[in-house]
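I have placed the structure first, in the form of structure tokens, so that the comments after it can refer back to it.
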Amino acid sequence: MIAGPDAPLIPMVKADAYGLGMARAVSVLSREEPWGWGVACVAEGVRLREMESARPILVFSPAAPDEIARGVESGLTFCVSDVSFLEGVAREARDRDRRVAVHLEVDTGMGRAGFDWRAVGEWGAAVDELLEDFEGRVRWEGTFTHFHSADDVDEASPELQVRRFEEVLEALPPGRGGMDHLCNSAGGFRLPRLASRGVRPGIFLYGGVAGTALPAPEEVVALRGRIALIREVPEGTTVGYGATYRARRRERWATVGIGYGDGLRRALSNRGHVLVQGRRVPIVGRISMDMTVVEITDLPAVRPGDVVTFLGSDGDERITLEEMATLADTNNYEILTGFTRRLPRIWSDESGTVATEVNPRGR
Ligand SMILES: *Cc1c(COP(=O)(O)O)cnc(C)c1O
């Protein structure tokens, strides 16, 4: 990712840091001295505020009006997409005798949130007027937009969005708009000339490739289980719901206690691979909620208790998020955020394991 030394960094830690665990992600990413944090909803911001007292926490998804009070109370920074919501924030700030900051989202083509770039003449003036009415209760701290196709090799579409965004900045009343931020992970690679402006990296921080033909980050996440049971079966034996796989010879099958209830995509049934003792072996039959069977006939030394890698490296072999996503007909984001709380999260650094988070209702 390309971000200049002074570029405000806003790491996105929404969705529990893409499923990895927000508290740990925040403590690791704090070393980079980010300008602030990005979450999606008020509840995430409130949780983050318990561990982050100083930095701005931006709530990026439009919030419902009845959530404004909780956000203001926790000192969150709302991202605003319309004037009536902004008025709600301003009223809440006045009623609670608080000063709040907001960032305005400009919709330059994403279409899900933000002020329409074409209508800046109307909303620019309306926002300005409202801020004056509320006499400094609300500070217009930043203005941003979000790319819809920066992951694609075709740079035309982010460039078009940048042009629309720049037009909006020029049309705003003088001195308004504050800081600006445009790039997600992919934008940070494709548009290096924006490197001095704010960036909002997400997927790349968590080990996902940000887009087509972009560099792979180092491995961040692995999904591993252990072999619980090994059986030798004669040719023709079937496995799993629907009996969709039949042993082609005398085979050895290993059962692992991870399934789609843990977020292992069922679409990997009879398609995906796992790594055992540094070798690739196939998933056979349908993945069940709690169990997956892999075929280890050619690995006679494998024993119960041996580690099975569904995602990540083992020896020279590696299964990437992107391989998994392609086979499951989805993207790396959905793979990461799909891992359920039943899986314990084990955090390690160069020196080894630093923390283990086990959900009380997990394993
Ligand atoms: C999720 C999100 C990002 C991060 O996107 P990545 O593709 O994960 O880098 C940036 N900005 C906004 C507004 C987001 O919602």
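The values are calculated or read from the model by the stated rules, or taken from the named source; none is laboratory data. Worth saying up front: this structure is predicted, and the values here are computed from it rather than measured. Ideal geometry is used to build each Cβ from the backbone, glycine not excepted, and the neighbour counts take in all protein chains shown.
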Residues being surrounded by 14 or more Cβ atoms within 10 Å (Cβ to Cβ) and in contact (Cβ under 8 Å) with a residue 60 or more places away in the chain - total across segment 341-363: 5
Subset of segment 166-192 (residues that are part of a helix (DSSP H, G or I) and more than 13 Å from the ligand (Cβ to nearest atom)): E166, E167, V168, L169, E170, A171, P192
Contacts under 7 angstrom Cβ, first residue in segment 140-160 being aliphatic (A, V, I, L, M), partner away from the ligand (no atom under 15 Å from the Cβ) and assigned to a loop (DSSP other than H, G, I, E, B), 6 or more apart: V153/A213
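Which residue out of A113, A17 is in contact with a helix residue (DSSP H, G or I) (Cβ under 9 Å, 6 or more places away or on another chain), modelled with pLDDT of 95 or more, within 13 Å of the ligand (Cβ to nearest atom) and among the small types (G, A, S)?
Numbers: A113 fails: in contact with a helix residue (DSSP H, G or I) (Cβ under 9 Å, 6 or more places away or on another chain).
Of A113, A17, the one residue that is in contact with a helix residue (DSSP H, G or I) (Cβ under 9 Å, 6 or more places away or on another chain), modelled with pLDDT of 95 or more, within 13 Å of the ligand (Cβ to nearest atom) and among the small types (G, A, S) is A17.
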Failed item, numbered, when F144 is tested on (1) over 30 Å from G315 (Cα atoms); (2) touching a strand residue (DSSP E or B) at 6+ places or on another chain (Cβ under 7 Å); (3) away from the ligand (no atom under 11 Å from the Cβ); (4) not β-branched (V, I, T): (3)
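Yes/no per residue for (1) in a loop (DSSP other than H, G, I, E, B); (2) over 25 Å from Y206 (Cβ atoms):
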| site | (1), (2) |
| --- | --- |
| G236 | yes, yes |
| R249 | yes, yes |
| T255 | no, yes |
| I283 | no, no |
| R286 | yes, yes |
| V294 | no, yes |
Within segment 125-163, can you find the residues that are part of a helix (DSSP H, G or I) and within 28 Å of the chain's Cα centre (by Cα)? A156, S157, P158, E159, L160, Q161, V162, R163
Strands (runs of 3 or more DSSP E) (entirely within segment 1-111) containing at least 3 residues that are of a type in the set (V, I, T): 100-107
V80, sole failed condition from (1) hydrophobic (A, V, I, L, M, F, W, C); (2) within 16 Å of the ligand (Cβ to nearest atom); (3) at pLDDT below 95: (3)
On the given criteria, is T297 more than 26 Å from the chain's Cα centre (by Cα) and polar (S, T, N, Q)? yes
When you check A90 against the structure, is it of a type in the set (A, V, I, L, M, F, W, C) and in contact with a strand residue (DSSP E or B) (Cβ under 8 Å, 6 or more places away or on another chain), yes or no? yes
Take V221 and decide whether it is in contact (Cβ under 8 Å) with a residue 24 or more places away in the chain, within 16 Å of the ligand (Cβ to nearest atom), part of a loop (DSSP other than H, G, I, E, B) and in contact with a strand residue (DSSP E or B) (Cβ under 7 Å, 6 or more places away or on another chain). yes
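To keep it simple, each residue is scored yes or no on (1) of a type outside the set (K, R); (2) in contact (Cβ under 8 Å) with a residue 60 or more places away in the chain; (3) more than 21 Å from R49 (Cβ to Cβ); (4) buried (at least 22 other Cβ atoms within 10 Å of the Cβ).
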{"site": "E73", "(1), (2), (3), (4)": "yes, no, no, no"}
{"site": "D82", "(1), (2), (3), (4)": "yes, no, yes, no"}
{"site": "F85", "(1), (2), (3), (4)": "yes, no, no, no"}
{"site": "G111", "(1), (2), (3), (4)": "yes, no, yes, no"}
{"site": "F115", "(1), (2), (3), (4)": "yes, no, yes, yes"}
{"site": "R118", "(1), (2), (3), (4)": "no, no, yes, no"}
Restrict the check to segment 193-208 and report whether at least one residue is within 16 Å of the ligand (Cβ to nearest atom) and of a type in the set (V, I, T). yes
